[in-house]
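Notes follow the structure.
Read-outs: derived from the displayed coordinates by stated rules, not from any lab. These figures come from a predicted structure and were not determined experimentally. A quick note on method: Cβ atoms are made from the backbone with ideal geometry, for glycine too, and the neighbour counts reach across all protein chains shown.
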Amino acid sequence: MLRLYGRARGTSGIFLKIIIMNRKTKSVYVCSSCGESYPKWMGKCESCGAWDTITEFREPIGLSRTVKSYNAAPPEVITLAAHKGESATRITCQFPEIDRVLGGGLVKGAVALLGGDPGIGKSTLLLQLMAHWASGGKKTLYISGEESTEQIVMRAQRLGVGAAPVQMVTETSVEAVLALLSAQKPDIVVVDSIQTIFTEQLESAPGSVSQIRESTALLLRFAKANGTALFLIGHVTKEGAIAGPRVLEHMVDTVLSFEGDTTYQYRIVRAVKNRFGPSGEIALLSMSDSGLKEVANASEFFLLNRHEPIVGTAIAPIMEGSRILVVELQALVNRSHFGIPQRVASGINPRKLSLILAVLERHGGSLLGDHDVFFNIAGGLTVAEPSIDLGIAAAILSSFRSKPLKRELACLGEVGLGGEIRPVNNMGGRLRELSRMGFRECVVTGSVRNADWAKNTNGLTLITCRKIGELQEVIF
């Protein structure tokens, strides 16, 4: 803003003094983990307890703080029973797994945030989906702030979708993006990535907390008002969380996490949040030179040594969302040659491994205190649920005793601190999946013999085990 000041200076005339007035701003400190704001910097966030996550950004102060009266007509209020809800129209894609993660398909006006490690395949997946939707008659627009249109075309040709009528543009200004969206009126839009988009109303750099929040709010407002399905690609931090304030995840309708390791060919798309369907659902995909493909039989994908029992290997069924996967658990127990035995776990929390080892030694009679223990889940999968506790114990005992488990045997149950074996949720569904995979026996808890899941096992023989001390007698 310019202000001109003039005054007489002797008899030589009048000179003008130009003063440039900057817009007033104030400093706000925001936690990048939970989005809580503070008037000053703090080392620890009092809301979420995270350390070194509070960063400073400057936001403009409005010139007028006067609260104006609301003269428009108030909105209409209706009751829940009187409203006749209509099912939302879903837009399906070429991947039924992705449709299931989205709750049955993409909803018009939905805003989804896709996060994942660099190079995991976020742009590849969305380009394949956009090509499918565009070939099906939907008007699509791919907005890239990181790559040129030539790079996108090269990727599309490599994926075999170069002939798809997908519209592309390279732009980072959210005002220019909104003007383009208003003119084109697309059905589905992809923004790659939200960290590169900025609004000219703020002076902070692209990727800052304020830019990400304000740019997302403007894009979300347009998507809701025009019924445009919007995908936002987000970067992740070294801890695996989506970069930017956690309030960004609260603003969108769906948060998808693209998981996996670049050293493995499988990829998992997990619905962390979904307002149009259940959260926790997963889609299992495999990466190849021609792009991402669905895995037809997920359980067979993670089973490598099913027909050849190996020492230190056990089988257990897990649940990812509503999907049941049968995974292979591997353990290696060896006498330690150093002062402190090693405890190395891949695919589970290392504390879970220490807990099961303590239970095995205290209640199972296995002296493992002077042995190194290494544990891994085949395929690089990460599991957090307690249904694999019994399988972990069985794999450790198999390696410790140098004996392979029985052929076609699986383990299912949670191990308590007292050495007791507890049932887990959806026991019937897990047992049916084991039976479908051709397993003949399964070690389960013996405390619930009259349960419904124990009556109909589809030919699967249940081996009961009440205490962890009885496990060695039934698995070998």
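For the charge dipole of the chain, defined by +1 on Lys and Arg C-beta atoms and -1 on Asp and Glu C-beta atoms about the Cα centroid, which residue among S290, G119, S435 has the Cα displaced farthest towards the positive pole? Result: G119.
State which entries of K108/K138; K403/K455; K185/K224 exceed 21 angstrom in Cα-Cα distance in the structure shown.
Working: K108/K138 12 Å; K403/K455 31 Å; K185/K224 13 Å.
K403/K455, as the Cα separations exceed 21 Å there.
What is the Cα centroid distance between the stretch 123-151 and the stretch 307-360, reported in whole angstrom? Spelled out, the Cα-based centre of one part sits 41 Å from the other. Radius of gyration (Cα atoms) of the chain, expressed as a multiple of 2.2 N^0.38 Å: 1.26.
Per DSSP helix of 4 or more residues, -39500 (n - 2.57); summed, then divided by the residues of the chain. What does that give at 222 nm, rounded to the nearest 500? Result for the chain: -7000 deg cm²/dmol, rounded to the nearest 500.
Using r as the Cβ-Cβ distance of R407 and S435, and R0 as 22 Å, what FRET efficiency do you calculate, to the nearest 0.05? Let's see the in-between values first.
Numbers: r = 16 Å, r/R0 = 0.71.
Efficiency, from the Cβ-Cβ distance: 0.90.
Values of log10 I(q)/I(0) for the stretch 345-437 across q = 0.11 Å⁻¹ run -0.32, by the Debye formula with one identical scatterer at each alpha carbon and no solvent.
Modelled spin labels at D370 and E56, positioned 7 Å past Cα toward Cβ, are 5.9 nm from each other.
Counting only cysteine Cβ atoms and a cutoff under 4.7 Å, the chain contains unmatched residues C93, C411, C442, C465.
If you take the alpha carbon atoms of the stretch 225-365 and fit the smallest convex hull around them, that volume is 211 Å³ per residue. Look at E214, E56 and count the other Cβ atoms within 10 Å of each Cβ; fewest to most, that gives E56, E214.
Ranked for footprinting exposure by Cβ neighbours inside 10 Å, fewest first, F338, F439 give F338, F439.
Remark: D253, D261, D99 ranked as D261, D99, D253, counting other beta-carbon atoms within 10 Å and listing the fewest first. Selection among A316, I212, V177 by position relative to the dipole of the stretch 175-326 gives A316 as farthest towards the positive end (Cβ unit charges, Cα centre).
Our summary of shape: the Cα atoms of the stretch 319-476 have principal axis extents of 50, 30, 26 Å, ordered from largest down, in whole angstrom.
Tally Lys/Arg at +1 and Asp/Glu at -1 over every other residue whose Cβ is under 13 Å from the Cβ of V333; what's the total?
Values: positive: R335, R343, R401, K403; negative: E361, D370, D372.
Charge balance in the 13 Å sphere: +1.
What length, rounded to one decimal in nm, is gained on full extension from R275 through to E294, with 0.36 nm per residue of separation minus their alpha-carbon distance? Provide the component values of the computation, followed by the final result.
On the way: separation 19, 0.36 × 19 = 6.84 nm, distance 2.42 nm.
Net length gain for the segment: 4.4 nm.
Distances between placed amide hydrogens fall under 5 Å for A410 paired with E441, C442, V443, all partners being 5 or more residues away or on another chain.
Any idea what the relative contact order of the chain is, in percent, if you count C-alpha pairs under 8 Å spaced at least 6 apart?
Details: 958 pairs, mean separation 52.4, N = 476.
Relative contact order comes out at 11 percent.
Based on every Cα atom in the stretch 359-413, Rg and the maximum pairwise Cα distance Dmax equal 12.0, 31 Å. Ratio of Rg to Rh for the stretch 121-245: 0.96 [Cα atoms; Kirkwood radius as inverse mean 1/r over pairs].
To the nearest ten degrees, helix 389-401 and the longest principal axis of the Cα atoms of the chain are 50 degrees apart.
What does the charge count around D372 come to, taking other residues whose C-beta lies under 11 Å from its C-beta (Lys +1, Arg +1, Asp -1, Glu -1)?
Working: positive: R335, R343; negative: D370.
Charge balance near D372 sits at +1.
If I fit a long axis through the Cα atoms of helix 149-159 and take the longest principal axis of the Cα atoms of the chain, what angle between them do I get, 0 to 90°, rounded to 10? Tilt of helix 149-159: around 20 degrees. Summing charges over all other residues whose Cβ lies under 11 Å from the Cβ of I188, with Lys and Arg as +1 and Asp and Glu as -1, gives +2.
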